[in-house]
Every structure is written in structure tokens, then in C-alpha cells.
1. A54 fails exactly one of the following numbered conditions: (1) open to solvent by less than 50 Å² (accessible area, probe 1.4 Å); (2) in contact with a strand residue (DSSP E or B) (Cβ under 9 Å, 6 or more places away or on another chain). What is the number of that condition?
2. Could you tell me how many of the residues in the range 17-37 are over 34 Å from the mean Cα position of the chain (by Cα) and open to solvent by 60 Å² or more (accessible area, probe 1.4 Å)?
3. Could you check, for the range 29-38, whether at least one of its residues is in a strand (DSSP E or B) and more than 28 Å from R140 (Cβ to Cβ)?
4. Pull up the range 105-126, narrow it to residues that are over 18 Å from Y84 (Cβ atoms) and of a type in the set (S, T, N, Q), then point me to the one that is surrounded by the most Cβ atoms within 10 Å (Cβ to Cβ).
5. Just need a number here: residues in the range 1-16 that are under 26 Å from the mean Cα position of the chain (by Cα) and surrounded by 10 or more Cβ atoms within 10 Å (Cβ to Cβ).
6. Scan the range 127-149 and tell me whether some residue there is of a type in the set (D, E, K, R), modelled with pLDDT under 85 and open to solvent by less than 70 Å² (accessible area, probe 1.4 Å).
7. Among the residues of the range 74-92, which ones are open to solvent by 50 Å² or more (accessible area, probe 1.4 Å) and of a type in the set (D, E, K, R)?
Amino acid sequence: PNGDVIIITGYGDFERAVTALREGAADYLLKPINAESLRASVGRLSQRRWLARAKARSEEMFRHLVEAAPSVIVIVRPNLDCYYFSPHAEKVTGYSAKEMVGRPIRSLLGEHDPATADRVMQELLKKGELWGQEAEIVCRDGTRRWLMWNGRAIE
């Protein structure tokens, strides 16, 4: 099920090639087989698999690191919508990640001026990183906590 399919055919039909690639074929080669073309195709497929495995490992390491950290870790999109909400953030705020992801992060800031969050985000995007920003958050149960926010813009 994880194999890549290279179609090798004597019929050089553009429509068939497009259909085969849309349906999941990794490559479409014409006969007679050119050894260099086949090697190049297999090399591209091998490189693509290696990159996919490296990406999966990197994402898994990130997930383990972030989930184990006793810190409120929130990834926020430039429009201030929450993209990631760590398990510790769930513990501290009482909100689940499911509730927060896709929701504006401003909702945690309670009565604070929404323009403050916008200003901080714009400054972060301009400078690339910010350290030592204090903000009060409102937890699910209505309690308020002050957090020190550090941020880094990731392309």
C-alpha cells in the first residue's frame, strides 16, 4: 500500500498520462525505457520518501517536546487565530485545544484592548521575535492569570 507506481507504456497519450498521475501514479515513462530516465525517476521517488520520513520525524520530535514542556505554548497565525494549543495551556486556562484552535487568541485576553494584541503581533512580525511581554489572560472558570509571553515569528 505504500509503494510508488511508475507506469511504463508504449502508448504516449497525454490524457492517459495526466489521468494516471492524478490517480496516484508516481511517474509515467514511455518505451523504449531509457535507463537514465528510470534511474532519475527512482531517485526522485527515493528522495521524496526520505524527505517525507524526515518531516514526520521532525514533527514527532516537535510534538513530544512541546507536549512535555510545562509551559503554555500557543502557535498563533498572523490573523491572531490559534493554530496550536499545548496540553499545558489546556491545564492552565481550562480550555481544550479543540475549543481554542481556529478561535481568535484575543478571547483569552478578556477585557484588554484588542488593539494591544494586534499591536504586539505586528511588532512580532516586524522584529521577528519579542520577549518579556506581559498579558493577563482569562481562564475558562473566570480566574485571571498573568503570563509572560515570548514569541518568535516562523515563516
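1. (2)
2. Number of matching residues: 6.
3. Yes.
4. Only one residue tops the list, namely T116.
5. 1
6. For the range 127-149, residues of a type in the set (D, E, K, R), modelled with pLDDT under 85 and open to solvent by less than 70 Å² (accessible area, probe 1.4 Å): present.
7. Once the filter is applied, which keeps residues that are open to solvent by 50 Å² or more (accessible area, probe 1.4 Å) and of a type in the set (D, E, K, R), the range 74-92 yields R77, E90, K91.
The values are calculated or read from the model by the stated rules, or taken from the named source; none is laboratory data. Treat the numbers as computed from the prediction; the structure is a model and nothing was measured. As a convention, Cβ positions derive from the backbone with ideal geometry for all residues, glycine included, and neighbour counts pool all protein chains shown. When the accessible area is computed, the model is the full protein with side chains, heavy atoms only, and any ligands, DNA or RNA have been set aside. Shrake-Rupley method; radii C 1.70, N 1.55, O 1.52, S 1.80 Å.
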